[in-house]
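Working notes for the structure below.
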Amino acid sequence: MAKKTALVSGASAGIGLEIARYHAKLGGDLVVVARREDKLQELKKELEAERGITVHVVTADLQADDGPQQVYDKVKAEGIEIDYLINNAGFGGNGHFHEVDLVKNLGMVDLNIKSLMTMTNLFLKDMVERGSGRILNVGSTAGMVPGPLHATYHGTKAFVNSFSFALAEEVRNKGVTVTLLAPGPVKTEFFDKADMANTNGVRDSKPADEVARMGYEAMQLGDLLVINDWKLSLLLQWVVPFLPRRQVLAMARKFAEKSSSH
């Protein structure tokens with residue numbers, strides 16, 4: 001089988017980093033994208049030495065309006081064909097919406113929604129034209145319920161979840177697949193940056209490499225959705241939809257509140 005090239009956004013840490021490592025382990029080349037060039041260069045050195053593959057580093061701020069276009073233009077200029085697009089870049093936040101800096105929330109929308117849409121639009125056109133390609137969007141179980149204290153983050157992930165399902169159906173007969181990875185809490189720097197490290201919901205966080213592998217394998221199979229925790233999957237798909245909305249909101253708020261044990 002011909003070597004496949006994967007583009008991974010947010011590849012400097014967390015799930016994106018582990019997806020890049022897993023793809024490299026299988027012998028594929030990479031385009032890794034993030035703002036932190038030092039981290040990307042470290043990853044390039046690691047994977048090229050250990051796996052004998054080629055890693056292209058693209059430093060870009062995907063939150064900026066022209067960030068995704070810059071990535072696409074660099075990839076095209078180097079003549080790289082992207083077989084797998086992994087939209088992983090994103091961030092969260094914690095607190096009452098009216099107390100959180102609006103600029104931060106708007107930036108979250110720009111990165112979690114706008115850049116994902118733009119990256120998908122740019123690379124999906126090429127995939128459809130040649131009749132092959134796979135897209136993995138990293139959403140979240142947070143997108144399956146409203147999130148008091150994480151209102152904007154849950155809202156952005158609700159968009160990613162819905163958007164991914166709709167696209168999957170649109171391209172179903174065009175040789176392209178779209179898979180949604182909707183993990184529960186994952187052990188990454190994400191929660192520290194979002195001031196969510198001591199919240200009740202993150203105590204049972206799963207290892208990033210385990211989540212990355214499940215998402216990658218689901219993408220390879222062309223699955224529509226993968227949730228890494230079967231208990232969470234059962235709860236969100238077969239229990240929560242039948243509960244009163246106020247009860248769901250109270251549960252979600254408790255999940256987001258700071259743990260009293262810290």
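The values are calculated or read from the model by the stated rules, or taken from the named source; none is laboratory data. Note that the structure is a prediction, hence the values are computed from the model and not measured. Don't worry about glycine lacking a Cβ; one is built from the backbone with ideal geometry, like all the others, and counts go over all protein chains shown. For the accessible areas, the whole protein counts, side chains as well, though only heavy atoms, and no ligand, DNA or RNA atoms are used. Shrake-Rupley method; radii C 1.70, N 1.55, O 1.52, S 1.80 Å.
Against the chain, whose longest principal axis comes from its Cα atoms, helix 67-77 is set at around 20 degrees. Averaged over its residues, the chain has an accessible area of 49 Å² per residue, based on protein heavy atoms and a 1.4 Å probe. Among Asn112, Asn137, Asn121, which one moves the most in a GNM of the chain with springs linking Cα atoms closer than 10 Å? In this elastic network of the chain, the residue with the biggest mean-square fluctuation among Asn112, Asn137, Asn121 is Asn121.
Take every DSSP beta bridge whose two residues both sit in the chain; close to 5 percent of them are antiparallel.
Taking 0.36 nm per residue of sequence separation and subtracting the Cα-Cα distance, how much length would be gained by fully extending the chain between Leu249 and Ala166, in nm to one decimal?
On the way: separation 83, 0.36 × 83 = 29.88 nm, distance 2.58 nm.
Between Leu249 and Ala166, full extension yields an extra 27.3 nm.
Peptides 148-157, 5-14, ordered by how many other C-beta atoms sit within 10 Å of their residues on average, highest first, read 5-14, 148-157. Across segment 1-145, the relative contact order, built from alpha-carbon pairs under 8 Å that are at least six residues apart, equals 24 percent. From the square roots a ≥ b ≥ c of the eigenvalues of the alpha-carbon gyration tensor of segment 1-141, which class results: rounded (a/c under 1.5), prolate (a/b over b/c), or oblate? Prolate shape, in that a/c is at least 1.5 and a/b is the bigger ratio. Suppose R0 equals 22 Å. What FRET efficiency, 1/(1 + (r/R0)^6) with r the Cβ-Cβ distance, do Gln69 and Glu37 give to the nearest 0.05? About 0.70, to the nearest 0.05.
Report, to the nearest 10°, how far helix 151-170 tilts away from the longest principal axis of the Cα atoms in the chain, using its own Cα long axis and a range of 0 to 90°. So the helix axis and the longest Cα principal axis differ by about 50 degrees. Against the main long axis of the alpha-carbon atoms of the chain, helix 37-51 sits at an angle near 60°. Taking every DSSP helix (H) stretch of at least 4 residues in the chain, weighting each as -39,500 (n - 2.57) and dividing the sum by the residue count yields a mean residue ellipticity at 222 nm of -13500 deg cm²/dmol. Report the local net charge at Val128: Lys and Arg +1, Asp and Glu -1, summed over other residues whose C-beta lies under 13 Å from its C-beta. After counting each charged neighbour, the total is +2.
Just to verify a number: FRET efficiency for Met117 and Ala49, C-beta to C-beta distance, R0 = 35 Å, to 0.05? Calculated transfer efficiency: 0.50.
Solvent-accessible area of the chain (1.4 angstrom probe, protein heavy atoms only): carbon and sulfur portion equals 52 percent. Our estimate of slack between Glu81 and His98, defined as 0.36 nm per intervening residue step minus the Cα-Cα distance, is 1.7 nm.
Sorting 222-234, 53-65 by their mean Cβ neighbour count within 10 Å, with the most densely packed peptide first, gives 53-65, 222-234. Within the chain, the proportion of C-alpha pairs whose separation exceeds 34 Å stands at 15%. The distance separating the Cα centre of segment 150-164 from that of segment 59-134 comes to 14 Å.
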